[in-house]
1. Of all residues being surrounded by 21 or more Cβ atoms within 10 Å (Cβ to Cβ), in contact with a helix residue (DSSP H, G or I) (Cβ under 9 Å, 6 or more places away or on another chain) and of a type outside the set (Phe, Trp, Tyr) in the range 96-120, which is nearest to Met40 (Cα to Cα)? Just the residue, please.
2. For the range 184-228, which residues satisfy the criterion of being at pLDDT 90 or above, touching a Gly at 6+ places or on another chain (Cβ under 6 Å) and among the charged types (D, E, K, R)?
3. Could you grab me the full set of residues in the range 147-162 that are of a type in the set (D, E, K, R) and farther than 13 Å from Asp35 by Cα?
4. Only residues that are buried (at least 18 other Cβ atoms within 10 Å of the Cβ) and not β-branched (Val, Ile, Thr): list them for the range 152-184, please.
Amino acid sequence: MIYRHVQYAANRADLIKHLALLCLEQGSSTLRVWDAFAAMPCYPLHDLDEDRRQLLFSLMGRRGPRSLSSWQRAVAECHDPQGQPAYPGSGWLLSRLPSVEAILLSDQDEACVRALEHWFKSDGHIHVHQMDSFQEDRVWLSFQPQLVLIDPPFLSQEEWSGVQGLLTKIRRNCTKSASILWYPLRNDLTPPRDLSCPGDSSLLVDFEPSRGMNGCVLHFSGLEDSCLDELKSLCDWLSQVDELRIANVQLLEFSHASSV
């Protein structure tokens, strides 16, 4: 399962990830952001299946927290290079946040990198690099991000070692950085027990029974209190949205190292 490919864009887990990302609008600091697995800048709506299109249209008509309003504006404004309606990727959403002063977008896939370079070629505050974010450090260490978004494809359990190594390097070399780690809840994927540090929090979402993903988790480190307050509002709203078919949603806050 390659999560970042178009067949998974704008599914329930992707929507929740993007809604949570837009909670950063409530922060007071200007940020240098690294999207370590940026994938494509956008996904044409005509490439999405009917279920995902119907979910998007349904959420566009809803009222909810401020992050939902920001998401609705982004979806309404996003179009592919041919001018057709599209669903925005995380890099496109980050480029819309007023608190973001510079963005580093990286991916290992050449097609994704070319699309990102074409999309953002006239935007001087966005830098695009092709690299293996688990292995290559020079570019992001030079960039010195203040926020890192980590959402690799999670093809196998072995990817967790790369995630842990990257988190360790970020905490060691960018001591004041915040991070957001997204991962799916799947039967073949078990997160390590030592992900959390004191002060971390996690948005845990369990889906109603279906094939594929059982849910998803967004794990946050170093976020401002105002952003966490918006996450709490988002958590309350998600529990009321029938179209997302969520069985349980909760925001966990860690006072000591713990498993997610």
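The values are calculated or read from the model by the stated rules, or taken from the named source; none is laboratory data. Please read all numbers here as calculations on a predicted model, not as lab measurements. Quick reminder, even Gly has a Cβ in these numbers, built from the backbone with ideal geometry, and neighbours come from all protein chains shown.
1. Keep residues of the range 96-120 that are surrounded by 21 or more Cβ atoms within 10 Å (Cβ to Cβ), which gives 100, 103-107, 112, 115-116, 119.
The next check asks that each one be in contact with a helix residue (DSSP H, G or I) (Cβ under 9 Å, 6 or more places away or on another chain); those that pass are 100, 103-107, 116, 119.
Adding the requirement that they be of a type outside the set (Phe, Trp, Tyr) leaves 100, 103-107, 116.
Details: Val100: 19, Ile103: 15, Leu104: 14, Leu105: 10, Ser106: 10, Asp107: 9, Leu116: 6 Å.
Residue satisfying both the conditions and the ranking: Leu116.
2. Within the range 184-228, Asp206 is the sole residue that qualifies.
3. To start, the set of residues in the range 147-162 that are of a type in the set (D, E, K, R) comprises 151, 158-159.
Once the filter is applied, which keeps residues that are of a type in the set (D, E, K, R) and farther than 13 Å from Asp35 by Cα, the range 147-162 yields Glu158, Glu159.
4. Looking only at the range 152-184, we keep the residues that are buried (at least 18 other Cβ atoms within 10 Å of the Cβ), and these are 152, 154, 163, 166-167, 170, 174, 177-184.
Within the range 152-184, Pro152, Phe154, Leu166, Leu167, Cys174, Ser177, Ala178, Ser179, Leu181, Trp182, Tyr183, Pro184 qualify.
Okay, residues lined up against (1) in contact with a His (Cβ under 8 Å, 6 or more places away or on another chain); (2) more than 15 Å from Ile16 (Cα to Cα); (3) not in a helix (DSSP H, G or I):
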{"position": "Ala38", "(1), (2), (3)": "no, yes, yes"}
{"position": "Tyr43", "(1), (2), (3)": "no, yes, yes"}
{"position": "His46", "(1), (2), (3)": "no, yes, no"}
{"position": "Arg52", "(1), (2), (3)": "no, no, no"}
{"position": "Ser58", "(1), (2), (3)": "no, no, no"}
{"position": "Gly64", "(1), (2), (3)": "no, no, yes"}
{"position": "Ser70", "(1), (2), (3)": "no, no, no"}
{"position": "Pro81", "(1), (2), (3)": "yes, yes, yes"}
